[in-house]
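Structure record follows, encoded as structure tokens.
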Amino acid sequence: QVQLVESGGGLVQPGGSLRLSCAASGSFFSIDVMGWYRQAPGKLREPVAQITSGGTTYYADSVKGRFTISRDNAKNTVYLQMTSLKPDDTAVYYCNIKFSGRNYWGKGTVVTVSS
């Protein structure tokens, strides 16, 4: 069984910063890919950023230069540092991990960017 516990969401003003964390626990040897997705009201869930076990990163065009993903393999934790936040970044952010050909999801954490 795999559990993902997210934290760090909240309300922030435009231009502000937040840091999301997601800790994975359970029965696995190693995690191939860790990442974040988001779903805004009325929209489909979309990928935001991913990082492989080797440190290769992927970012959606909309967040490049503003968000930074990192991971601590010893703690099975992935982080998303978000800066220069915009109202369009408002969404539920979901942690995702992939290993052994399977996907696992967190329950989501809400990020609201508003003045």
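The values are calculated or read from the model by the stated rules, or taken from the named source; none is laboratory data. For clarity, every value in this text was computed on a predicted model and none was experimentally measured. When we count neighbours, we look across all protein chains shown, and the Cβ atoms used for this are built from the backbone with ideal geometry, even at glycine. When the accessible area is computed, the model is the full protein with side chains, heavy atoms only, and any ligands, DNA or RNA have been set aside. Shrake-Rupley method; radii C 1.70, N 1.55, O 1.52, S 1.80 Å.
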ILE97 is checked against (1) β-branched (Val, Ile, Thr); (2) surrounded by 21 or more Cβ atoms within 10 Å (Cβ to Cβ); (3) farther than 17 Å from VAL5 by Cβ and fails just one. What number does that condition carry? (3)
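Residue check: is VAL111 open to solvent by less than 40 Å² (accessible area, probe 1.4 Å), more than 10 Å from the chain's Cα centre (by Cα) and closer than 14 Å to SER21 by Cβ? Let's see the steps before the verdict.
Values: open to solvent by less than 40 Å² (accessible area, probe 1.4 Å): yes; more than 10 Å from the chain's Cα centre (by Cα): yes; closer than 14 Å to SER21 by Cβ: yes.
Yes; evaluated as a whole, the condition is true for this residue.
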If you check every pair at least six apart or on different chains, which have Cβ atoms under 6 Å apart with a residue in the range 1-12 that is at positive phi first and a residue that is open to solvent by 90 Å² or more (accessible area, probe 1.4 Å) and assigned to a strand (DSSP E or B) second? GLY8/ARG19
Which of the strands (runs of 3 or more DSSP E) found entirely inside the range 1-86 contain at least 1 residues meeting this: out of contact with any helix residue (DSSP H, G or I) (no Cβ under 8 Å at 6 or more places or on another chain), modelled with pLDDT of 95 or more and within 18 Å of GLY108 (Cα to Cα)? 2-7, 10-12, 18-26, 33-39, 46-52, 67-72, 77-82
Of the conditions (1) open to solvent by less than 70 Å² (accessible area, probe 1.4 Å); (2) more than 17 Å from ASP32 (Cα to Cα), PRO87 clears all except one; give me its number. (1)
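Quick check on my filter: what residues within the range 92-109 are outside any strand (DSSP E or B) and among the basic types (Lys, Arg)?
As a first pass, look at the range 92-109 and keep what is outside any strand (DSSP E or B): 100-101, 106-108.
LYS107 - this is the single residue of the range 92-109 that is outside any strand (DSSP E or B) and among the basic types (Lys, Arg).
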